[in-house]
Amino acid sequence: MAEAAGRLRLRLGRDELRDAAAEIEWAKVGMHTADSYAAAATRARRTAPGMDLTAMARLLAAYEEVKGERGVIDFEDVLLVTLGMLRSEPRMAAAVRDQYRHFVVDEYQDVNALQQTLLLAWLGERHEVCVVGDPAQTIYSFTGASADHLRDFTRVHPGAASVELVRNYRSTPQVVTLANGLARGPSGSRRWGGVELLAQRDAGPGPVLTAYDDDAGEAAGVATVIERAIAAGTPPREIAILFRTNGQSEAFETALAEKAIPYLIRGGERFFQRREVREATVLLRGGVRSDDSSVELPELVRSILTGAGWGPVAPVSGGAARERWESLEALAVLADQFVAGMPAARLADFVRELDERAAAQHAPSVEGVTLASLHAAKGLEWDLVVLAGVSDGLMPIVMAETNAEIDEERRLLYVGVTRARRELHLTWARAKVAGGRGNRRPSRFLGGLLEGASAPGADGPPARKRTKERKLATCRTCGTVLESAAERTTGRCATCPATYDEATFEALRTWRSLVAKAAKWPAYVIFTDATLTAIAEASPEDEASLARISGVGQRKLALYGDAVLAVLGGGDPAQAAAEIKK
């Protein structure tokens with residue numbers, strides 16, 4: 001893949017190469033060639049990693065070319081070559097069909113176009129095939145899977161018998177009732193052509209929906225629920241915390257570690273073992289020397305994380321790039337939470353906190369509570385399941401826009417609910433950080449199914465109290481309370497348009513870049529983006545006005561004040577940078 005990208009002079013990072021490989025896999029299981037890929041991807045509303053669809057099509061062609069030159073095939077080629085031989089070699093096809101006469105396919109709702117075509121080629125004109133599947137558990141459409149093969153089975157195989165397996169031996173009637181509600185349409189009909197489950201177990205406790213004030217409170221509350229369950233006799237191995245994205249795991253890992261509750265990660269690495277987190281921690285540690293306390297810690301952390309690939313807006317595509325961003329975003333949010341509990345904290349304190357958390361998460365454990373994404377949990381079951389982060393924006397995830405995408409999110413929640421044997425908790429947080437805007441809402445999928453939520457923090461410690469009251473900063477444009485440090489620095493919320501002159505801002509950025517290069521420092525050490533934006537918007541005319549801007553401070557005023565005022569006055573950025581006294 002890297003060689004193919006190199007031939008096209010595409011500069012792709014590790015995550016983009018991984019996502020490009022996944023996109024090529026999607027194309028091949030959908031039986032799309034380089035010529036047909038762009039049109040098919042457009043119909044499917046797909047985005048290519050770091051390039052447009054035409055460039056992705058060229059990468060697909062180059063990838064096939066490199067494989068041909070090396071004489072190798074990939075996993076999808078194994079199926080494609082087999083299909084090609086069955087179609088082009090009648091004698092071989094007859095021998096295969098004579099040897100393999102009957103087929104059984106499990107999880108048929110997850111079959112893709114290539115697998116379905118190969119199955120039909122194996123069968124030939126026969127219909128000796130049994131399939132098992134549940135259209136309500138189709139959660140891999142993004143990989144090319146389609147439940148249409150299951151729904152159309154009796155049309156493709158006329159006379160096939162259809163047997164509905166409606167008895168559920170896993171879950172209590174209370175859990176099954178919630179699952180049935182999720183799979184029921186507005187008119188009472190079954191969504192997706194699934195079945196109405198009939199519980200066979202004895203009754204148990206009803207599902208509990210609990211709201212918390214913020215993400216940290218939610219994690220602490222969930223850890224308390226689990227602590228009580230273990231004390232009451234539930235083995236840790238029979239408990240799971242399930243979430244929509246891997247980036248959500250850090251808070252729960254920390255909360256469990258603080259209570260010495262063993263846990264294991266299924267389908268992924270522990271948070272502090274992830275490569276992007278380790279790289280970001282190295283950058284943060286390197287920034288300790290440059291922390292002169294002139295910038296609020298959360299803003300400084302975010303500025304440093306930009307060097308690891310973080311940005312204020314999540315990538316529109318999924319895959320490895322999205323997972324990387326979520327891990328870095330979790331570090332940024334952790335900085336907000338850390339400052340809320342320790343207002344005077346600086347970067348060195350935060351790095352020590354990260355080291356302590358990493359050490360706690362490396363404690364060995366033989367068995368423990370399972371932490372997993374909903375996708376990784378498919379096919380598994382536990383006595384007690386916590387579905388965390390069940391709020392709009394996470395469930396359904398914000399990237400789901402079409403009816404089909406939102407339907408897939410509903411099925412994902414259905415899969416999560418049906419992992420529970422006896423006890424089911426659903427939790428969500430009103431805000432990301434303590435004191436933040438509580439603008440989240442419980443998932444729309446739960447409307448009418450679970451009436452009423454427990455009081456915030458009902459199953460955990462009370463919401464954290466601030467050590468001192470402070471006046472909330474508001475956006476000077478729309479009046480909204482400013483939540484992040486970067487917003488407070490610029491004096492406006494992220495959704496309101498900037499009010500600075502773009503030429504002035506670019507001149508300041510050019511000046512900063514030249515100064516940073518000469519000093520061999522990261523650019524954020526000179527001024528962060530948020531501070532630079534605030535300077536451009538305020539456009540101060542003297543040192544006194546410049547000093548009032550958050551993030552400037554007396555030291556930076558002495559070092560850079562004259563140069564900044566010169567650039568704001570229309571001076572040459574290069575000359576202003578050259579005149580700074582070392």
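The values are calculated or read from the model by the stated rules, or taken from the named source; none is laboratory data. For clarity, every value in this text was computed on a predicted model and none was experimentally measured. Don't worry about glycine lacking a Cβ; one is built from the backbone with ideal geometry, like all the others, and counts go over all protein chains shown.
Within the option set Glu329, Glu381, Glu408, Glu323, being within 25 Å of Arg437 (Cβ to Cβ), touching a residue at least 12 places away in the same chain (Cβ under 8 Å) and of a type in the set (Asp, Glu) holds for one residue only, Glu329.
Consider the range 198-220 and keep the residues that are farther than 21 Å from Leu413 by Cα and of a type in the set (Gly, Ala, Ser). The one that is surrounded by the fewest Cβ atoms within 10 Å (Cβ to Cβ) is Ala203.
When the test is whether a residue is acidic (Asp, Glu) and modelled with pLDDT under 85, Glu279 does not pass it.
Out of the range 53-109, which residues are of a type in the set (A, V, I, L, M), out of contact with any helix residue (DSSP H, G or I) (no Cβ under 9 Å at 6 or more places or on another chain), farther than 30 Å from Leu8 by Cβ and part of a helix (DSSP H, G or I)? Scanning the range 53-109 gives Ala94, Ala95. Residues of the range 225-243 that are buried (at least 21 other Cβ atoms within 10 Å of the Cβ) and either among the hydroxyl-bearing types (Ser, Thr, Tyr) or not in a helix (DSSP H, G or I) (or both): Ile239, Ala240, Ile241, Leu242, Phe243. Filtering Asp35, Asp19 for residues that are in contact with a Pro (Cβ under 8 Å, 6 or more places away or on another chain), in a helix (DSSP H, G or I) and either more than 30 Å from Ser327 (Cβ to Cβ) or not hydrophobic (A, V, I, L, M, F, W, C) (or both) leaves a single hit, Asp19.
Residue check: is Gly368 at pLDDT below 90, of a type outside the set (A, V, I, L, M, F, W, C) and assigned by the TED database to the domain that holds Arg437? Considered against the rule, which asks whether it is at pLDDT below 90, of a type outside the set (A, V, I, L, M, F, W, C) and assigned by the TED database to the domain that holds Arg437, Gly368 comes out as yes.
For the range 258-288, a tally of residues being buried (at least 20 other Cβ atoms within 10 Å of the Cβ) and assigned to a helix (DSSP H, G or I) returns 6.
Can Gly247 be described as more than 18 Å from the chain's Cα centre (by Cα) and not in a strand (DSSP E or B)? No. Those helices (runs of 4 or more DSSP H) of the range 522-582 in which 2 or more residues are touching a Phe, Trp or Tyr at 6+ places or on another chain (Cβ under 7 Å) and free of Cβ contacts under 8 Å to residues at least 60 places away in the same chain occupy 529-538. I'd like to check something: does the range 244-251 contain any residue that is crowded, with 16+ Cβ neighbours inside 10 Å, more than 28 Å from Asn439 (Cβ to Cβ) and in contact (Cβ under 8 Å) with a residue 12 or more places away in the chain? Taking every residue of the range 244-251 in turn, none turns out to be crowded, with 16+ Cβ neighbours inside 10 Å, more than 28 Å from Asn439 (Cβ to Cβ) and in contact (Cβ under 8 Å) with a residue 12 or more places away in the chain. Would you confirm, using the coordinates I've provided, whether Gly389 is modelled with pLDDT of 85 or more, in a loop (DSSP other than H, G, I, E, B) and either within 16 Å of the chain's Cα centre (by Cα) or assigned by the TED database to the domain that holds Thr528 (or both)? When the stated conditions are applied, Gly389 passes them. Every test in (1) outside any helix (DSSP H, G or I); (2) within 32 Å of the chain's Cα centre (by Cα) is passed by Glu3 save one, and that test is (1).
The condition (being among the basic types (Lys, Arg) and surrounded by 14 or more Cβ atoms within 10 Å (Cβ to Cβ)) is satisfied by just one residue among Arg155, Arg97, Arg126: Arg97. Taking (1) of a type in the set (Gly, Ala, Ser); (2) part of a helix (DSSP H, G or I); (3) surrounded by fewer than 18 Cβ atoms within 10 Å (Cβ to Cβ) in turn, Ala136 satisfies each apart from (3).
Condition check ((1) in a helix (DSSP H, G or I); (2) crowded, with 19+ Cβ neighbours inside 10 Å) across all residues:
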{"position": "Glu356", "(1), (2)": "yes, no"}
{"position": "Ala372", "(1), (2)": "no, yes"}
{"position": "Ala400", "(1), (2)": "no, no"}
{"position": "Arg410", "(1), (2)": "yes, yes"}
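Leu426 - would you say it is in contact (Cβ under 8 Å) with a residue 40 or more places away in the chain, of a type in the set (A, V, I, L, M, F, W, C) and touching a Phe, Trp or Tyr at 6+ places or on another chain (Cβ under 7 Å)? Considered against the rule, which asks whether it is in contact (Cβ under 8 Å) with a residue 40 or more places away in the chain, of a type in the set (A, V, I, L, M, F, W, C) and touching a Phe, Trp or Tyr at 6+ places or on another chain (Cβ under 7 Å), Leu426 comes out as no. Would you check if Val105 is in the same structural domain as Pro158 (by the TED database), in contact with an Asp or Glu (Cβ under 6 Å, 6 or more places away or on another chain), over 19 Å from Glu23 (Cβ atoms) and surrounded by 12 or more Cβ atoms within 10 Å (Cβ to Cβ)? Answer is no for this residue. Considered as a group, the residues in the range 147-169 that are among the β-branched types (Val, Ile, Thr) and in a loop (DSSP other than H, G, I, E, B) include one that is farthest from Tyr414 (Cα to Cα), and that residue is Val163.
Any residue that is aliphatic (A, V, I, L, M), under 30 Å from Ala20 (Cα atoms), touching a helix residue (DSSP H, G or I) at 6+ places or on another chain (Cβ under 8 Å) and assigned to a loop (DSSP other than H, G, I, E, B) - is there at least one of those in the range 187-200? Within the range 187-200 (the criterion being aliphatic (A, V, I, L, M), under 30 Å from Ala20 (Cα atoms), touching a helix residue (DSSP H, G or I) at 6+ places or on another chain (Cβ under 8 Å) and assigned to a loop (DSSP other than H, G, I, E, B)), the answer is no, since none of the residues qualifies. With respect to the conditions (1) more than 22 Å from Ala44 (Cβ to Cβ); (2) in the same structural domain as Leu371 (by the TED database), Gly193 lacks only one, and its number is (1).
Evaluating Ala363 against the criteria (1) at pLDDT 90 or above; (2) of a type in the set (A, V, I, L, M); (3) under 22 Å from Thr224 (Cβ atoms) leaves one unmet condition, (1).
Just give me the residues in the range 169-202 being polar (S, T, N, Q) and touching a residue at least 60 places away in the same chain (Cβ under 8 Å), in sequence order. Once the filter is applied, which keeps residues that are polar (S, T, N, Q) and touching a residue at least 60 places away in the same chain (Cβ under 8 Å), the range 169-202 yields Ser171, Thr172, Gln174. Consider Ile73 carefully, then state whether it is aliphatic (A, V, I, L, M), on the phi < 0 side of the Ramachandran plot and in contact with a Leu (Cβ under 6 Å, 6 or more places away or on another chain). No; evaluated as a whole, the condition is false for this residue.
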